Amino acid sequence: MNFNHFPAREKFSPLRAFIYKASRASKKVGVKNHIHKVYFQGANFRRFKFHKPPNQTHKAAKKIYDFRLNHSLIAQMTKLKLLLGQWLANMTRKLKNNFYIYLAALFTVLVLLDASVFGVGLNMRDRAFDFMVKYRVIQPQADPDIMIVDINEASLHAFAKEFGSWPWSRQVMGEFVENIQAQKPKAIVFDVLFSDADIFRPEGDEYFNEVISNADNTFFPILRLDISQDSESKLKFTQIPGLKLKDDSGNQDATFAAILPHFEGAIKANRLGTHNVYPDIDGIVREYRIYHDDYGWVLPSLPLVVGDYVQMNSFPYAPIPKNMLINWRGKPFSYQYVPFSDVFTDLTSKVKKRPQNEFTNKIVIIGSTAPGLFDIKATAMDKQFPGVEILATAIDNVKHRRLFKSVARQNALYFVKFIADFAHHLGVLPQYGPRPI
């Protein structure tokens, strides 16, 4: 078929010439009628290049056919949207102002179903909090006076030949504390639980106990166990120096389950605190337990004890909530980190290469970011957040009193008030409050 010749009685425009060619070439795929329908829709397809060689006519016709199908689907969706809008308008006219009451009832039923069955909106408030904290415009800066001496993988590898695998001899920690005291740090905080004696190297334990007994600025953690184990424990609150009853109704003989440091030199008043981290139901850490309130006794956390010592205040239990929302300072490694091996080597060497006032008036936290020591948590800022930096952030929050306050109930009241105002504006509910006289 020669497509270059058309009947002389008709004068074809380029568009009609293309449609004519496409319809003649597409009889086998059955798109002729569609092409003519598309053509008579108007100039919707003029963006195509109509002057095509004869061997591309079939492809061009198929393009028009596919586009026509898509256009038909869009038209159907638009029609469905218009029908839905018309139905809502009719329902509104029939029900008048009651429509919003029925809509609120439907919404309430859906929320209850979601809370009890589907769980789509579970932890929605927590996720909103995560988004707000992570992407806020003004991010508070980490306290430059808080430094983390990191027992990282490099330190474990560097000390493997001399001290063996972790845990090292306690003599290493004793030498570290004894030598760093020359720089007069404000506080030395251990995020390491010395729960057991080293039966193979008892001389190291003796040396470490002697060093921390003579130091007044060392702080050690307590691991609070589950409250269900309290009845089986023989540890009493009265055995912890510095603990006081909250009121006279407390039980003097109450016991609690916890793991204390093994060393007597660590058991001092106002130098012990819990370092438990309790993730939410979705596994994300958002809060820090500032103190435990059990049986009338208040067991403070390590951040509260350190923050109180640094600021020279008495225990301010009232201003700080029991579960403090952590005011994060940024992504992981926002604080100053120094490898333990580098600091220890410099402290114990005769030739010093590091500044001799590096830790002066600093809060020095000894902890680990090594994945092999399993102190990595999921937080609002990152799925892999060092546990030692969670402790540092909590100390920072308590020290500066820069903490979030839970206003869930207050926000709920504001929401109810907003709904009532909106309903009154629509005329569904009468105005609440005292009636005018």
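What follows draws every value from the coordinates through simple rules; no lab data is involved. These numbers were taken from a predicted model, which means no experiment stands behind them. Every residue, glycine as well, gets a Cβ built from its backbone with ideal geometry; the counts of neighbours run over all protein chains shown.
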**Asked** Can you tell me the Rg and the Dmax, both Å, for the Cα atoms in segment 210-363?
**Response** 18.2, 59
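Given contacts defined as C-alpha pairs under 8 Å and at least six residues apart, what's the relative contact order of segment 91-220, whole-number percent?
On the way: 57 pairs, mean separation 25.8, N = 130.
Answer for segment 91-220 is 20 percent.
Could you list the trypsin sites (Lys or Arg not before Pro) in segment 187-245 that lie in coil according to DSSP, counting only those with at most 14 other Cβ atoms within 10 Å of their Cβ?
Working: sites: R224, K234, K236, K244; in loops: K234, K244.
Sites meeting the loop and neighbour criteria: K234, K244.
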**Asked** Is segment 245-304 rounded, prolate or oblate when judged by the Cα gyration tensor, a ≥ b ≥ c being the square roots of its eigenvalues, rounded requiring a/c under 1.5 and prolate requiring a/b larger than b/c?
**Response** oblate
**Item:** Ranked packing of 388-395, 78-85, 166-173, 372-379, most packed first, by mean Cβ within 10 Å
**Value:** 388-395, 166-173, 372-379, 78-85
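Would you please classify the overall shape of segment 115-211 from the alpha carbon gyration tensor, given that a ≥ b ≥ c denote the square roots of the eigenvalues, rounded means a/c under 1.5, and beyond that prolate means a/b larger than b/c while oblate covers the rest?
On the way: a/c = 2.99, a/b = 1.96, b/c = 1.53.
In terms of gyration-tensor shape, prolate.
If R₀ is 35 angstrom, what is the calculated FRET efficiency for the pair R136 and L110, using the beta carbon separation as r and rounding to 0.05? Provide the component values of the computation, followed by the final result.
Details: r = 31 Å, r/R0 = 0.89.
It comes to 0.65.
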**Message:** Sort 322-334, 359-371 by packing, meaning the average of other beta carbons within 10 Å per residue, with the highest value first.
**Reply:** 359-371, 322-334
**Message:** Straight-line reach from K234: which aspartates and glutamates fall under 13 Å, measuring Cα to Cα and dropping same-chain residues less than 8 apart?
**Reply:** D253
**Relative contact order computed over segment 257-386 (Cα-Cα under 8 Å; 6+ residues apart), in percent** = 22
